[in-house]
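The structure appears below as structure tokens.
The values are calculated or read from the model by the stated rules, or taken from the named source; none is laboratory data. The structure presented is a predicted model; accordingly, all values stated were derived computationally and were not measured. Neighbour counts run over all protein chains shown; Cβ positions are idealised from the backbone, glycine included.
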Amino acid sequence: MRTVFSTHVFPTSAENMQWDVLQLSSAEKRHLRAYMWPSPGITYPEKHDLEVELKGFDSASRITGGGVVLHGEGDVVFSCVATLNDPAFPPKIKDKLSFFTQLFSHVLSDFGIQADAKEGCVSHSHAFCAAYDSPYELCVRGHKVMGLSARKWKTQFMVQGILHRAPTIASFGNLPAQYHPYFTQGIGTEVSGYALIDALREAVLK
């Protein structure tokens, strides 16, 4: 199966989420995409209503579900669309998620960043991605820096992920204090987003 790696980025949350969905129409290819989020925005699971304070941001629903994600400008966002029986990935969906956990962990390690899925992020609410534990996501110093969500259909699956770079407060600091527990410190902007994307490309295409 041919791998297509894309760095396409669009100005709005809706366009970026729709692009991933469009890749489901070409099952003969393995679609991987990594890009830097263009401006502060929010993605959230389908059938979820955003709180009033969040509706002023550019936002869109996300087909893979999960919790509300606060996307800061420059965060690295990742997606994969492939067939369930694609030999490049383990057969079970939970093992596919572990595949991407390890992929991100190895890439971060190459940049001198130790990220641990078992470090245990503090749990506040399952409504927000950054606020609860997951064995498939990564923390640095107790803050979740990488989140994943997934969905499978009869013959295909999709994984979407985010790697937070800058502290969330840089993009969402004007939100009321009750949202601050859902902020993360990120991995730091010292590491170039473009360099991270290049490293991901190399890791998935080797």
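Contact map, region 156-182: residues that are farther than 21 Å from VAL140 by Cβ paired with residues that are of a type in the set (Val, Ile, Thr), Cβ distance under 6 Å, separation 6+ or inter-chain. Pairs shown: GLN156/THR83; MET158/THR64; MET158/VAL81.
With respect to the stated conditions, LYS55 is over 22 Å from PHE100 (Cα atoms) and basic (Lys, Arg). Is it true that LYS96 is surrounded by fewer than 21 Cβ atoms within 10 Å (Cβ to Cβ) and among the basic types (Lys, Arg)? No.
Considering the conditions (1) assigned to a loop (DSSP other than H, G, I, E, B); (2) modelled with pLDDT of 95 or more, PHE157 is excluded by exactly one of them, (1). Output the strands (runs of 3 or more DSSP E) that fall wholly within region 6-75 and possess 3 or more residues being under 18 Å from VAL145 (Cα atoms), or say none. By residue number, 29-36, 41-45, 69-71. Among the residues of this structure, VAL21 does not count as one that is in contact with a helix residue (DSSP H, G or I) (Cβ under 8 Å, 6 or more places away or on another chain) and either surrounded by fewer than 21 Cβ atoms within 10 Å (Cβ to Cβ) or not β-branched (Val, Ile, Thr) (or both).
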